[in-house]
Amino acid sequence: MNSIFFVAAVSGLLFTWDLQVKLLTAFRYSATRRYIRNNIWNWTRELFAIARLYGGLHVRISSEVPREDIPSHCMIIANHQSLVDIAVLLFAFPNHSLRFVAKKELERWYPAVSNVLRAQNHVMIDRRANYSSTMKKLGRFGRNSATGYCPVVFPEGTRSRDGLVKTFSAGAVRRILESNPLPIVSVAVDGGYKVSHFESLVRDTRKKVYRARVMRVYPAPQTKQEIAATLKSAQQEITHQINSWQYMDS
């Protein structure tokens, strides 16, 4: 019975938010962006409150870095396990305006998610497009981030189906930072690979915990070598954290 309530409640929220964004977009995009910015953290809070109430899914946010030491304008990099990682990161950074590098497939057919990504000009990458086109899009995304939003990149390039951290690629990070050098905040995210499909969210969720931990703040890297070194260090510390969590849960 809880599963039925959970599906109904989550679907109701997503379609309600989707309708709100669609109606606002029909009038003025600037008003839509402002509305999303003012409400998106509360949306994630409501979503996870329902997930906990009906599904027993616990979301735990922690940080190795004092909150006051996290720059208001930065790039965020994290490992990637599922679509829910986006909501978890939004929830983990209530005082930051986040914009994601996401796959183009999310641009349509996902209630609320697709309209929010389009309205806020998150960068949608077509993995079938040529390299030059992708780099131009990322460069424009980097330049636009100078307005104050924080670019979010999953350097693995795709989600991990088993939770193990894949090799971090420097391409997207380097192109964005070439346009707008920013300090980098590394974040470990774990739990998504267990709820990567909707049916797994409504089955046995009382044994699931979704975690995010802010690991470190790196100064803005200035060269390709510094970017590579930063990503290597971030991958190592995130891997260590993920392995520690998974060992604890085993």
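The values are calculated or read from the model by the stated rules, or taken from the named source; none is laboratory data. Note that the coordinates shown come from a computational prediction; the quantities given were computed from them, not determined experimentally. Cβ sites come from the backbone with ideal geometry, for glycine too, and all protein chains shown count toward neighbours.
Note on the stretch 1-20: residues that are surrounded by fewer than 16 Cβ atoms within 10 Å (Cβ to Cβ) and in a helix (DSSP H, G or I) amount to 10. The residue that is surrounded by the fewest Cβ atoms within 10 Å (Cβ to Cβ), among those in the stretch 119-135 that are in contact with a helix residue (DSSP H, G or I) (Cβ under 9 Å, 6 or more places away or on another chain) and over 30 Å from VAL10 (Cα atoms), is ARG128.
Filtering the stretch 107-143 to residues that are basic (Lys, Arg) and over 16 Å from the mean Cα position of the chain (by Cα) leaves ARG108, ARG127, ARG128, LYS136, LYS137, ARG140, ARG143. Within the stretch 237-248, being exposed (fewer than 14 other Cβ atoms within 10 Å of the Cβ) and not hydroxyl-bearing (Ser, Thr, Tyr) holds for HIS240, MET248. When every residue of the stretch 138-148 is checked against the conditions, at least one turns out to be in contact with a Ser or Thr (Cβ under 9 Å, 6 or more places away or on another chain) and not in a helix (DSSP H, G or I).
Tell me, which residue of the stretch 150-165 that is at pLDDT below 95 and crowded, with 16+ Cβ neighbours inside 10 Å is nearest to LEU90 (Cα to Cα)? Looking at the filtered set, the residue picked out is ARG159. Those strands (runs of 3 or more DSSP E) of the stretch 42-118 in which 3 or more residues are surrounded by fewer than 21 Cβ atoms within 10 Å (Cβ to Cβ) and not β-branched (Val, Ile, Thr) occupy 58-63, 98-103. Reported count of residues in the stretch 206-250, each being assigned to a helix (DSSP H, G or I) and out of contact with any Leu (no Cβ under 9 Å at 6 or more places or on another chain), is 22. Count of the stretch 21-40 residues, restricted to those that are farther than 15 Å from ASN121 by Cα and either at pLDDT below 90 or crowded, with 17+ Cβ neighbours inside 10 Å (or both), is 3.
Scan the stretch 202-221 for residues that are modelled with pLDDT of 80 or more, over 19 Å from the mean Cα position of the chain (by Cα) and surrounded by fewer than 18 Cβ atoms within 10 Å (Cβ to Cβ) and jot them down. Scanning the stretch 202-221 gives PRO219, ALA220. Within the stretch 222-250, residues that are among the basic types (Lys, Arg) have Cβ atoms under 8 Å from residues that are part of a helix (DSSP H, G or I) in these pairs: LYS224/ARG174, counting only partners at least 6 apart in sequence or on another chain. For the stretch 189-201, the criterion of being closer than 22 Å to ASP249 by Cβ, exposed (fewer than 15 other Cβ atoms within 10 Å of the Cβ) and of a type in the set (Gly, Ala, Ser) is met by at least one residue.
Comparison of GLY163, GLY157, GLY192 shows that the only residue that is over 21 Å from HIS96 (Cβ atoms) and touching a strand residue (DSSP E or B) at 6+ places or on another chain (Cβ under 8 Å) is GLY163. Restricting the stretch 17-52 to residues that are more than 21 Å from LEU98 (Cα to Cα) and in contact (Cβ under 8 Å) with a residue 40 or more places away in the chain, the residue that is nearest to the chain's Cα centre (by Cα) is ALA51.
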